[in-house]
Amino acid sequence: MVNHSAVTAAVRAAAEKVERGERITGADAATLWHHAEDADLARLAGRVRARFHEARRATYMIMRIINYTNVCVAQCDYCAFYVLPNQEGGYVLTREDVFAKIDELLDVGGDLVAFNGGFNPKLPLHYYCDLFGAVRARYGDRVEFYALTIAEFMYLADHAGISFAAAAARLRDAGVYWITGGGSEILTEDFRSRHSKFKYTVAQYFEAQRAVVEAGLQTTATMVIGFDETFDERLEHLERTRDFQDQCLENGHGGLFSFLCWTYKPYGTAFGGREITPREYLRHMALSRIFLDNVRHLRTSVLTLNEHAFGALDFGANDFDLPIEDEVTQKAGARIDLDLEGLLSVPRGMGYEVEYRRAERPPLAASV
Ligand code: SF4
């Protein structure tokens, strides 16, 4: 039988820690997740958000994910995007294709590109260095780009037979500033062995991300929810992320610029399943903001939640993308809305001042 007064006391104790500016434990997070009201989670997330950002202000970017190849050997069961090498339908974009997509992005007022593709064994490291160098040379400061996800980065380093540190240095010398934390999904070894056993372990993920940070590159944290993960797995992901950020900050690195969480789209995937509700997403975002007290930017996912994503601004988020393309999630059921002004009217209608945030380029530590 549930002891209601004990539960109420535990919720109150966890909430008081947040109000006092103290860090909560995993047990506190579980208590809040299972027992706090939506309004209480929103209020507490707002308290943590206010340590970093003005209350009724949000920032956004207009961006495009360029899926430069759909050929992949990882075979994640939640992916509707990939084809295996030599299967029909595989592609690699030409440099002209990439430039045309960036030009289109500039035409609609965007300035951030995120490259994202599969683990394509036919693409050597110099393909990436040449591509990124060409984008940097052609567009200069007009466009910033997230060069790869950590997952792709690990594959190309392995494929080239070099260390993560050496691969990060090669990419940095080619003009890369960002390698995002994409490809993390749920960072537990058990989740990865269930769904993506060829996509590296959690230990390798953080080893690679550490090498990226130590090379002076910028990185981010990501998470995808709504597969079959348990709450404990979600919490483990958040704990590992917070620990990694603590280590970065202790070592004098900028660490994780932001935490972006999006939702699994199940259509056309081998794993299948159903989408989670917007309410579950909002609660998770609030919990993430409360728990990740060392990450400045919490980004909500218009890509997978459309107008529902803006609700997260009231649950701790402060930033979002307006994407104009992402084949990976579109293949699995994401709907991209190109009425950017119509989208922006939603947070404005909620009382937020929204401001365009230009893609940031951090100073590179030349000697690292
Ligand atoms: S999610 Fe990425 S790594 Fe996994 S199969 Fe799809 S393209 Fe490959």
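The values are calculated or read from the model by the stated rules, or taken from the named source; none is laboratory data. These numbers were taken from a predicted model, which means no experiment stands behind them. Positions of Cβ are backbone-derived with ideal geometry, glycine not excepted, and every protein chain shown enters the neighbour counts.
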> If you check 210, 192, which single one turns out to be at pLDDT 95 or above and more than 13 Å from the ligand (Cβ to nearest atom)?
Replying inline: 210
>> I'm told residue 281 meets every condition in (1) more than 16 Å from the ligand (Cβ to nearest atom); (2) hydroxyl-bearing (Ser, Thr, Tyr); (3) modelled with pLDDT of 95 or more; (4) surrounded by fewer than 24 Cβ atoms within 10 Å (Cβ to Cβ) except one. Can you identify the failing condition by its number?
In response: (4)
> Looking at (1) in a helix (DSSP H, G or I); (2) more than 16 Å from the ligand (Cβ to nearest atom); (3) among the aliphatic types (A, V, I, L, M), which is the one condition that is false for residue 151?
Replying inline: (2)
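Of 81, 99, 119, which residue is within 13 Å of the ligand (Cβ to nearest atom), closer than 30 Å to residue 341 by Cβ and either in contact with a helix residue (DSSP H, G or I) (Cβ under 7 Å, 6 or more places away or on another chain) or in a loop (DSSP other than H, G, I, E, B) (or both)? Let's see the steps before the verdict.
Numbers: 99 fails: within 13 Å of the ligand (Cβ to nearest atom); 119 fails: closer than 30 Å to residue 341 by Cβ.
Testing whether each residue is within 13 Å of the ligand (Cβ to nearest atom), closer than 30 Å to residue 341 by Cβ and either in contact with a helix residue (DSSP H, G or I) (Cβ under 7 Å, 6 or more places away or on another chain) or in a loop (DSSP other than H, G, I, E, B) (or both) leaves just 81.
Aliphatic (A, V, I, L, M), closer than 23 Å to residue 63 by Cβ and buried (at least 23 other Cβ atoms within 10 Å of the Cβ): which single residue out of 286, 221 fits that description?
221
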> Any residue in the range 49-67 that is away from the ligand (no atom under 16 Å from the Cβ), assigned to a helix (DSSP H, G or I) and buried (at least 21 other Cβ atoms within 10 Å of the Cβ)?
Replying inline: yes
>> For residue 298, only one of the following conditions fails: (1) part of a strand (DSSP E or B); (2) within 16 Å of the ligand (Cβ to nearest atom). What is its number?
In response: (2)
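Yes/no matrix, rows are residues, columns are (1) touching a strand residue (DSSP E or B) at 6+ places or on another chain (Cβ under 9 Å); (2) part of a helix (DSSP H, G or I); (3) in contact (Cβ under 8 Å) with a residue 40 or more places away in the chain; (4) within 15 Å of residue 296 (Cβ to Cβ):
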residue	(1), (2), (3), (4)
219	yes, no, yes, yes
224	yes, no, yes, no
233	no, yes, yes, no
240	no, yes, yes, no
253	no, no, yes, yes
258	yes, no, yes, yes
265	no, no, yes, no
> For residue 212, are the conditions met, namely being part of a helix (DSSP H, G or I) and crowded, with 23+ Cβ neighbours inside 10 Å?
Replying inline: yes
